[in-house]
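Values in this text are rule-based calculations from the coordinates and carry no lab data. Note that the structure is a prediction, hence the values are computed from the model and not measured. Here the Cβ positions follow ideal geometry from the backbone for every residue, glycine too, while neighbour counts run over all protein chains shown.
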Amino acid sequence: MAKSKKVSGKQVLPKMFKPTGADLKSAAGRARKILAGLEQLYPDAECALVHNNALELLVATILSAQCTDVRVNKVTPELFKKYRRAEDYCEVERAELEEDIRSTGFYRNKAKNIQAACRDIDEKFGGKVPDNMEDLTSLAGVGRKTANVILGNAFDTPGITTDTHVIRLSRLMGLSKNSDPVKLEFDLMELVPQQEWTRFSHQMILHGRSVCVARKPGCGDCLLRKHCCYGQVSQS
Ligand code: SF4
C-alpha cells in the first residue's frame with residue numbers, strides 16, 4: 001500500500017485524500033479483508049428504514065434524503081397506515097401529503113417526487129413497484145441509488161447503494177478513486193462478491209456513522225485500519 005500521502009509530516013485531511021495507483025492495485029486483496037472486518041463489526045447489519053413492502057421502502061427512501069433514518073421511521077408508521085397503495089399517494093392533494101411528511105425536511109420536493117413516482121407505478125406498472133433496475137430507474141425521481149436500495153431490500157436482488165458514507169469510505173479505504181456514484185458503484189461491483197452487495201452497503205453505512213465519521217474518522221479505534229489507505233497515513 002502506498003505511504004506517500006503525508007506531506008511534510010502534516011495530517012492529510014480526509015476530504016483531500018485520494019488513493020494512488022498503487023493503492024488501487026492492491027484494492028482487490030484489501031477489499032476481502034475489509035469485508036471480513038465489516039462482517040466482524042456489523043454481523044446484524046440491515047436496512048434501517050422500517051418497511052413491509054417495496055412501496056413503503058420506496059417512499060421511506062425518498063423521505064430519507066437529507067434526513068435521519070430515525071426521523072423517517074417516526075413519520076412512516078402513520079403515513080403507511082394512511083397511504084396503502086401507489087394510487088393513494090396520487091389521489092391526495094399535494095398540500096396534504098406535504099403536511100404528512102413535513103418533519104422529514106424538504107417536504108415540498110419529497111411530496112412532489114413521491115407523487116410522481118407513484119403516478120408512474122400506477123400508470124405503467126399496474127400499481128406494483130417494479131423489481132428490476134431498468135423499470136425502477138424509469139420511475140420519476142428514482143436513480144440507481146434508490147433502485148439498489150429497493151432491489152436489495154425488497155426483492156433480494158443484490159445492489160450496492162452508493163450513499164454519502166459509501167462514497168466517502170470507499171475512497172478513504174482506497175477501493176476507488178471515483179466520487180461519481182455510478183462509477184464508484186461499478187468499481188465496487190468488481191471488488192465485492194455479488195451476494196454481498198446489499199449487506200456490504202449496510203455495513204459501510206454503519207461504519208460511516210459510528211467510526212469513520214465525516215468530520216474526523218476514528219482511525220485510532222478502527223479495526224479496518226491495517227487494510228485502509230487513509231488509515232495508514234492518518235495521524236489520529
Ligand atoms: S482506518 Fe477506519 S476510520 Fe480511518 S479512514 Fe479507514 S475506515 Fe475510516
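Side notes on the structure shown:
- Unsatisfied cross-links (Cα-Cα over 31 Å) in the set LYS110/LYS183; LYS33/LYS74; LYS124/LYS177; LYS183/LYS216: LYS33/LYS74; LYS124/LYS177
- Mean separation of Cα contacts under 8 Å, 6 or more apart, over the residue count of the chain: relative contact order %: 27 percent
- Listed residue (LEU223, GLN203, PHE155) projecting farthest to the positive dipole end of region 134-236, Cβ model: LEU223
- The gain in end-to-end length when the GLU99 to GLN40 segment is fully stretched comes to 17.1 nm, 0.36 nm per residue minus the alpha carbon separation.
- Between amide H atoms placed 1.01 Å from N, distances below 5 Å from GLY218 occur with CYS212, VAL213, all of them 5 or more places distant or on a separate chain.
- The chain: Cα Rg divided by the 2.2 N^0.38 Å rule of thumb: 1.10
- Positive-end residue of VAL92, ILE62, ILE114, charge dipole of region 54-128 with Cβ unit charges: ILE62
- Whole-number percent relative contact order across region 54-128, with pairs defined as alpha carbons under 8 Å at least 6 apart: 36 percent
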